[in-house]
1. Out of every Cα pair in chain B, what percent are spaced more than 18 Å from each other?
2. Which residue fluctuates the most in chain B, going by a Gaussian network model with Cα springs under 10 Å, if the choices are B:96, B:84, B:48?
3. Could you tell me the center-to-center distance, by alpha carbons, between the stretch B:7-42 and the stretch A:53-106 in angstrom?
4. Rounded to whole Å and sorted largest first, list the principal axis extents of the Cα atoms in the protein assembly as shown.
5. Listed highest first by mean packing, meaning other Cβ atoms within 10 Å per residue, what order do A:8-20, A:74-86 come in?
6. Could you give the dipole magnitude of chain B about its Cα centre, charging the beta-carbon of Lys and Arg +1 and that of Asp and Glu -1, in debye to the nearest 20?
7. What is the sum of charges, Lys and Arg at +1 and Asp and Glu at -1, for the other residues whose Cβ falls under 10 Å from the Cβ of residue B:76?
8. Rounding to the nearest 20 debye, state how big the charge dipole of chain A is about its Cα centre with +1 on each Lys and Arg Cβ and -1 on each Asp and Glu Cβ.
Amino acid sequence: DAKTTQPPSMDCAEGRAANLPCNHSTISGNEYVYWYRQIHSQGPQYIIHGLKNNETNEMASLIITEDRKSSTLILPHATLRDTAVYYCIVSPSNQAGTALIFGKGTTLSVSS
Amino acid sequence: GAVVSQHPSWVICKSGTSVKIECRSLDFQATTMFWYRQFPKQSLMLMATSNEGSKATYEQGVEKDKFLINHASLTLSTLTVTSAHPEDSSFYICSARDIRAPGGGNTIYFGEGSWLTVV
């Protein structure tokens with residue numbers, strides 16, 4: 001079973017920031033928080049991951065609470081092409097044989 | 001980021017025949033690859049873990065004799081659906097872990113997926 005909880009759906013206006021929450025209250029000390037998204041009929045696309053500190057890359061920012069029990073993915077200026085299912089996954093980072101286990105994710109709909 | 005490529009992107013086969021899907025890591029070596037299946041409007045479901053040079057590890061409920069996995073090299077894993085039936089029609093996705101990722105925590109990258117339709 002997935003170890004994260006996400007809202008099933010969210011809406012966002014184009015050009016605004018999209019803030020996608022994720023609860024992972026049972027996260028272990030060696031587990032990272034990963035975010036992927038899946039656009040219809042494509043394989044999941046890696047977005048960002050982090051352990052304790054906030055992270056930022058060209059796609060998004062990841063804010064992890066101090067107790068690590070929840071996080072928020074931020075898309076600073078959402079576009080129509082950001083419409084997708086967003087998955088928050090926790091997984092140990094250094095175990096090569098460990099697969100990512102997907103929950104139901106959040107369907108983000110960006111509209112003009 | 002690293003690239004994982006699948007082939008074919010889509011395939012139609014007759015019931016009772018076998019079909020092979022290839023998964024390649026294009027710019028990194030992967031001792032472990034993962035195979036998923038996804039039905040319409042559902043999430044990805046892990047089928048098996050493919051280990052280079054050894055047998056695959058299958059998830060509970062996945063028939064190993066029906067879904068043959070071979071990981072003969074560090075850049076290639078194949079999934080063969082044997083004696084395919086219409087209920088095997090699905091979106092099959094592979095992934096591989098790139099252990100070179102900087103900053104701690106290695107990253108898993110996914111292929112584009114392969115649509116299988118069994119008629």
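Quick note: the coordinates plus some simple rules give every number you see, no bench work behind them. Everything numeric in this text was worked out from a predicted model, so none of it was measured. So basically every Cβ, Gly included, is an ideal-geometry build from the backbone, and we count neighbours across all protein chains shown.
1. Values: 3354 of 7021 pairs.
The share of Cα pairs beyond 18 Å in chain B comes to 48 percent.
2. Checking each option, the largest mean-square fluctuation is seen for B:84.
3. Computed from Cα coordinates, the inter-centre distance equals 25 Å.
4. Principal axes ranked by extent give 51, 38, 31 Å for the Cα atoms.
5. Details: A:8-20: 14.3, A:74-86: 16.6.
Ranked from most to least packed, the peptides come out as A:74-86, A:8-20.
6. Details: 10 positive and 10 negative charges, 6 e Å.
It works out to roughly 20 debye.
7. Working: positive: B:24; negative: B:22, B:52.
Combined, the nearby Lys, Arg, Asp and Glu give -1.
8. Numbers: 8 positive and 9 negative charges, 25 e Å.
Its charge dipole is roughly 120 debye.
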